[in-house]
Amino acid sequence: MKSILIKSAIASSVVLSLATVTRPVMAASFTVSIENPGVQNAQLSNLVNAHVQNFDAQTKGYSATGFQWNEGTTNIGSYKNTLIMNPDQYGAAGGTGKYFDVDTNRSGNGQKVSTLNLTSPQSYFGLWWSAGDSSNVLTFLSQGKVVETMTTAEVVSYIAKQPNKASYYGNPNSAFKGQNSSEPYAFINFYSVGGTFDQVQFTNIGGTGFESDNHTIATSYKSITGNIVTVAVPESSSVLGVFVIGFVGATSVLTRRVKKKSVLQLS
């Protein structure tokens, strides 16, 4: 029995060590929230070191090389594989300027993924999501490793359950008021809780578009604002859970074996 207990202790130590190694140091959950209907900008007073990209200064059309995001002499980051569009019923905050899109048909180059590479780690990302659908995917990475992947299907589902859901549908800007009424328009916040990211990938998995504007980043935030849609747990937590379950299961089996042996000795 003593031998079995020693083996159990060793197994416990190994399993917990593996779990600790598997879980990234900067692993974090993401909280996703949505602003009220008609809101097309982030709550900047809630953000620390915030920067906004509205795409108005960019050249219309598709570019594989993308462009640099500079503010004065400061380089915020760079976009790759971009499609910039003039205002229409599908996008452009305020109904003016330009907007960002991921669209295989419009780009003419089979564009499915666009990337924003950030110069320094960030904890917040927000965007005005226009003409939304459930085929849009956002992936957050840190030093080349995925820390979270989210689809907008949950946002679509959330809006559909709201008593004021009709207020989210159709372009809210006067120039295109009510057009494209079958799709939602909303500002979405992505808060990294306890971690950071330095790259954002925009993917459109269907034949539609992934239209957005007013991309906003911040190194930190004062609080989580907006109406919470979901809290996403990183995959590493699931892996840790598997190890913990395995540990509990292994310990349980060893315990049962010890008890069974004890009973046999007593009989």
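The values are calculated or read from the model by the stated rules, or taken from the named source; none is laboratory data. Just so it is clear, the structure is predicted and the values come from calculations on it, not from any experiment. Backbone-built Cβ (ideal geometry, glycine too); neighbour counts: all protein chains shown.
Hey, does the stretch 57-69 have a residue that's in the same structural domain as ASN173 (by TED's automatic domain parsing), buried (at least 19 other Cβ atoms within 10 Å of the Cβ), modelled with pLDDT under 95 and closer than 25 Å to ILE205 by Cβ? Scanning the stretch 57-69 turns up no residue that is in the same structural domain as ASN173 (by TED's automatic domain parsing), buried (at least 19 other Cβ atoms within 10 Å of the Cβ), modelled with pLDDT under 95 and closer than 25 Å to ILE205 by Cβ. Taking the stretch 160-185 as the range and being outside any loop (DSSP other than H, G, I, E, B), over 19 Å from THR230 (Cα atoms) and touching a strand residue (DSSP E or B) at 6+ places or on another chain (Cβ under 6 Å) as the test, only TYR169 passes. Filtering SER114, SER142, SER134, SER192 for residues that are of a type in the set (Gly, Ala, Ser), under 15 Å from the mean Cα position of the chain (by Cα) and closer than 18 Å to GLY66 by Cβ leaves a single hit, SER114.
When GLY132, GLY97 are screened for being touching a residue at least 40 places away in the same chain (Cβ under 8 Å), buried (at least 19 other Cβ atoms within 10 Å of the Cβ) and in contact with a Pro (Cβ under 7 Å, 6 or more places away or on another chain), only GLY132 passes.
Every residue, every condition in (1) at pLDDT below 75; (2) of a type in the set (Phe, Trp, Tyr); (3) not in a loop (DSSP other than H, G, I, E, B), yes or no:
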{"residue": "PHE187", "(1), (2), (3)": "no, yes, yes"}
{"residue": "THR208", "(1), (2), (3)": "no, no, no"}
{"residue": "LEU240", "(1), (2), (3)": "yes, no, yes"}
{"residue": "PHE247", "(1), (2), (3)": "yes, yes, yes"}
{"residue": "VAL253", "(1), (2), (3)": "yes, no, yes"}
{"residue": "ARG256", "(1), (2), (3)": "yes, no, yes"}
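Cβ-Cβ distances below 9 Å connect the following pairs, each with a first residue in the stretch 111-126 that is farther than 18 Å from TYR191 by Cα and small (Gly, Ala, Ser), a second residue that is outside any strand (DSSP E or B) and at pLDDT 95 or above, and a separation of six or more residues or different chains: SER114/GLY66; SER114/ASN81; SER114/VAL102; SER114/PHE210. Every listed requirement among (1) modelled with pLDDT under 95; (2) of a type in the set (Val, Ile, Thr); (3) closer than 29 Å to ALA175 by Cβ; (4) surrounded by fewer than 18 Cβ atoms within 10 Å (Cβ to Cβ) is met by THR151 save one, (3).
With aliphatic (A, V, I, L, M) and part of a strand (DSSP E or B) as the only criterion, which of VAL200, VAL155 stands out? Going through VAL200, VAL155 in turn, the sole match is VAL200. Among the residues of the stretch 100-128, the one identified as part of a strand (DSSP E or B) and in contact with a helix residue (DSSP H, G or I) (Cβ under 7 Å, 6 or more places away or on another chain) is TRP128. Residues in the stretch 70-87 that are surrounded by 17 or more Cβ atoms within 10 Å (Cβ to Cβ) and in contact (Cβ under 8 Å) with a residue 40 or more places away in the chain: ILE76, GLY77, MET85, PRO87.
Within the stretch 22-44, is even one residue part of a helix (DSSP H, G or I), under 24 Å from GLN143 (Cα atoms) and either at pLDDT 95 or above or of a type in the set (S, T, N, Q) (or both)? So far as the stretch 22-44 goes, yes, one or more of its residues are part of a helix (DSSP H, G or I), under 24 Å from GLN143 (Cα atoms) and either at pLDDT 95 or above or of a type in the set (S, T, N, Q) (or both).
Taking the stretch 133-183, which residues are touching a helix residue (DSSP H, G or I) at 6+ places or on another chain (Cβ under 7 Å) and under 22 Å from VAL52 (Cα atoms)? Across the stretch 133-183, the qualifying residue is only ASN173. Within the set ASN214, ASN171, the sole residue that is surrounded by 13 or more Cβ atoms within 10 Å (Cβ to Cβ), on the phi > 0 side of the Ramachandran plot and at pLDDT 95 or above turns out to be ASN214.
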